[in-house]
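Notes for the one structure printed next.
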Amino acid sequence: KAGVTQTPRYLIKTRGQQVTLSCSPISGHRSVSWYQQTPGQGLQFLFEYFSETQRNKGNFPGRFSGRQFSNSRSEMNVSTLELGDSALYLCASRQGLTYEQYFGPGTRLTVT
Amino acid sequence: QKEVEQNSGPLSVPEGAIASLNCTYSDRVSQSFFWYRQYSGKSPELIMSIYSNGDKEDGRFTAQLNKASQYVSLLIRDSQPSDSATYLCAVNKNSGGYQKVTFGTGTKLQVIP
């Protein structure tokens, strides 16, 4: 089976812009979670989608949003980018029966 | 108190030795526990999951869970330089009707040839 894919792999944006990241889960996996990883904070949970519904949300401002499509692909959007949004954004998928998550390669976002 | 705590390291062990990585968690109702390996510049890779007290072995890896003491550990036998990476502990629990996974900040392991 193909693994989790994320696009784009690298992005450079300027403050105030918005960005959309995409994630395609492993075939058959209905849950997609998004994480932000920075050297100082580690892996921080953003939100989880299951069957197109947001199931859980972390402590991030409303500038961070997401959605999931009927084919389980997910997108994450960050509006009004700030310098502190520079991070590795990871998406992880799971089947839904357990919490064993499989991560994609991530999108490295740099905000200048 | 952090929900999931790990010593950041680095933990240095000689090649062939046993590496012992530890993780403590704060919430007794935590249900499932995971170890991920993350190489520098790469994404986390699931290496072990454990759900009940005791030991679980998979090749050179052994996960140990003690719910009474609220800790989970990962032993790596016959450590190899290729095991040098950051190891993340993750804990899952039901929170407000939803499942929540919390990651520790990771322990950096260095295996010295």
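Computed over region B:2-46, the Cα gyration tensor eigenvalues convert (square root of 5λ each) into semi-axes of 23, 15, 11 Å, ordered from largest to smallest.
When the alpha carbon coordinates of region B:1-81 are projected onto the principal axes, the ranges are 36, 25, 20 Å, largest first.
A Gaussian network model of chain A, with springs between Cα atoms under 10 Å, assigns the largest mean-square fluctuation among A:GLN101, A:GLN36, A:GLN68 to A:GLN101. Express the carbon and sulfur contribution to the solvent-accessible surface of region B:1-78 as a percent, rounded to the nearest whole number, probe 1.4 angstrom. Summing carbon and sulfur atoms, their accessible area is 45 percent of the total for region B:1-78. Charge tally around B:PRO14: other residues with Cβ under 14 Å, Lys/Arg +1 each, Asp/Glu -1 each, net -2.
Kirkwood Rh over alpha-carbon pairs of the protein assembly as shown, then Stokes-Einstein at 25 °C and 0.890 mPa s: what D in µm² s⁻¹, rounded to an integer? Before the final figure, lay out the partial values.
On the way: Rh = 18.1 Å.
After rounding, the answer is 136 µm²/s.
Across all Cα atoms of region A:1-68, the radius of gyration (one decimal) and Dmax (whole number) stand at 13.0, 38 Å. Spatial offset of region A:1-61 relative to region B:1-63 amounts to 23 Å, using the alpha carbon center of each.
When every alpha-carbon pair in region B:45-113 is counted, what percent end up more than 19 Å apart?
Above the 19 Å cut-off, region B:45-113 has 40 percent of its Cα pairs.
First select every other residue whose beta carbon is under 11 angstrom from the beta carbon of B:ALA85; then total the charges, Lys and Arg +1, Asp and Glu -1.
Working: positive: B:ARG37, B:LYS42, B:LYS108; negative: B:GLU45, B:ASP83.
Counting the neighbours of B:ALA85, the net charge comes to +1.
Residues of region B:74-113 buried by at least 50 Å² of accessible area upon assembly of all protein chains, compared with the chain on its own (1.4 Å probe): B:TYR98, B:GLN99, B:VAL101, B:PHE103.
One decimal place: the segment A:GLN95-A:THR80 gains 2.1 nm when fully extended, by the rule 0.36 nm per residue minus the C-alpha distance. Aspartates and glutamates near B:LYS56 by alpha-carbon distance under 16 Å, same-chain residues fewer than 8 away left out - which ones? Filter leaves A:GLU100. Computed with a 1.4 Å probe over protein heavy atoms only, the accessible surface of chain A comes to 48 Å² per residue.
Can you pull out the buried accessible area for chains B and A, both sides counted, probe 1.4 Å, rounded to the nearest 100 Å²?
Working: alone 6110 and 6050 Å², together 10740 Å².
Approximately 1400 Å², summed over both chains.
The alpha carbon convex hull volume per residue for region A:32-103 rounds to 90 Å³. Taking all protein chains together and a 1.4 Å probe, the residues B:PHE34, A:PHE103 rank A:PHE103, B:PHE34 from largest to smallest accessible area.
The values are calculated or read from the model by the stated rules, or taken from the named source; none is laboratory data. Only a predicted model underlies this, so the values are computations on that prediction, with no experimental measurement involved. When we count neighbours, we look across all protein chains shown, and the Cβ atoms used for this are built from the backbone with ideal geometry, even at glycine. Each accessible area value is taken on the protein alone, full model and side chains, heavy atoms only, with ligands, DNA and RNA left out. Shrake-Rupley method; radii C 1.70, N 1.55, O 1.52, S 1.80 Å.
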